[in-house]
Amino acid sequence: MTRNLKILVLALIAVLAASVVASSVTQATDDTPEFTAGKDTKGADQKIHLTGSGTDESFHSFGVTGTCDITAYGPNPATVTVPAKSLTIKPYHKLCTLPKVKTEAVTVVTNKCGFRFNVTNTAKDGGGQPIPDTYNATMDIECENANEAFELKVWLEGNDPGGTHENAPSCISKVTAQTGRPGVTIKVNTQAGARHDLKISGTVKNIHVHQVRNSAMCPLGTTTATAEYTFPAAGATLEASTEGGEDIDLWID
């Protein structure tokens, strides 16, 4: 009986310890910084529209780097309610090239996919000190349907006469839905007198890509899990406005 009682007490202690650990994990999650927005003050349950822009964003896979001169983010047709731990926005890439590959045309098709940014924690410098108004984040590729994907379509030299895209692309790289890709840094613009917006920089790593090779001249390989997407050092910009179209500040807090 005494032995059974000791076993029962030990089991209860283990359960209580597990409960404390679980509680502490939940609390850490609750304390994760959140996206928020407002006019002069951070409003609660604020419905916002997101827009943004970027330049010279690049995508590296199968040993080749493609660059898009312009990226337009949004406008998202639906509103987003903040505070929120994540924001999703659709990027539309324009004027894309593969500098080291002889091509007729390069396009990126968004389809029904977008980038979802998830704030994880405050960024720290080499000495372990918090960097003001700067946060680490991960990025998800979100698609509305299981068969959707971002598509990088490449027409190699001689395969798109007249620029009509009548011929099938020579090479197609597809990026389907995936989560938790690391490498994003988000900085809040807190310059005095300026509208607060977000600057997204860094290199998103470990992206899974499938390539359809319709030509022997396409980059070698059909699948990779080490593709990378790089935002410009100055950062792509995300901005917020109200449902009525008024510009408002966007924070992480």
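The values are calculated or read from the model by the stated rules, or taken from the named source; none is laboratory data. All of these numbers come straight from a predicted model, not from anything done at the bench. Cβ coordinates were reconstructed from backbone atoms using ideal geometry, including for glycine residues, and neighbour counts include every protein chain displayed.
Residues checked against (1) surrounded by 18 or more Cβ atoms within 10 Å (Cβ to Cβ); (2) modelled with pLDDT of 95 or more; (3) under 17 Å from Ile48 (Cβ atoms):
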position	(1), (2), (3)
Lys85	no, no, yes
His93	yes, yes, no
Thr107	no, yes, no
Phe117	yes, yes, yes
Asn121	no, yes, no
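Contact annotation: residue pairs with Cβ atoms under 7 Å, 6 or more positions apart or on different chains, pairing a residue in region 189-217 that is assigned to a strand (DSSP E or B) with a partner that is small (Gly, Ala, Ser) and exposed (fewer than 14 other Cβ atoms within 10 Å of the Cβ), are Ser201/Ala233; Asn206/Ala225; His208/Ala225. Taking the listed residues Glu151, Glu157, Glu142, the one that is assigned by TED's automatic domain parsing to the domain that holds Lys205 and in contact with a Cys (Cβ under 7 Å, 6 or more places away or on another chain) is Glu142, with no other qualifying.
Among the residues of region 61-83 satisfying the criterion of being modelled with pLDDT of 95 or more and surrounded by fewer than 17 Cβ atoms within 10 Å (Cβ to Cβ), which is nearest to Ser241 (Cα to Cα)? Don't jump to the end; show me each part of the working.
Start the filter on region 61-83 by keeping residues that are modelled with pLDDT of 95 or more, which leaves 61-73.
Now narrow it down to the ones that are surrounded by fewer than 17 Cβ atoms within 10 Å (Cβ to Cβ): 63, 65, 69-70, 72.
Values: Gly63: 39, Thr65: 34, Asp69: 25, Ile70: 21, Ala72: 16 Å.
Only one residue fits best here, namely Ala72.
Return yes or no: is Asp133 closer than 16 Å to Ser201 by Cβ and part of a strand (DSSP E or B)?
yes
Can you tell me which residue is surrounded by the fewest Cβ atoms within 10 Å (Cβ to Cβ) among those in region 40-60 that are within 14 Å of Phe231 (Cα to Cα) and of a type outside the set (S, T, N, Q)? For region 40-60, the residue satisfying everything is Asp56. Of Val101, Val106, Val119, all but one fail to be touching a strand residue (DSSP E or B) at 6+ places or on another chain (Cβ under 7 Å), in a loop (DSSP other than H, G, I, E, B) and touching a residue at least 12 places away in the same chain (Cβ under 8 Å); the exception is Val101. Considering each residue of region 82-98, count those that are part of a strand (DSSP E or B), in contact with an Asp or Glu (Cβ under 9 Å, 6 or more places away or on another chain) and over 30 Å from Met217 (Cβ atoms), and give that number. Counting residues in region 82-98 that are part of a strand (DSSP E or B), in contact with an Asp or Glu (Cβ under 9 Å, 6 or more places away or on another chain) and over 30 Å from Met217 (Cβ atoms) gives 4.
With respect to (1) of a type in the set (Ser, Thr, Tyr); (2) touching an Asp or Glu at 6+ places or on another chain (Cβ under 7 Å); (3) without any contact (Cβ under 8 Å) to a residue 40 or more places away in the chain, the lone exception for Thr79 is condition (3).
In region 209-223, the condition of being closer than 25 Å to Leu50 by Cβ, assigned by TED's automatic domain parsing to the domain that holds Val108, in contact with a Ser or Thr (Cβ under 7 Å, 6 or more places away or on another chain) and surrounded by fewer than 18 Cβ atoms within 10 Å (Cβ to Cβ) is met by no residue. Thr67 satisfies every condition listed in (1) under 27 Å from Ser173 (Cβ atoms); (2) free of Cβ contacts under 8 Å to residues at least 12 places away in the same chain except (2).
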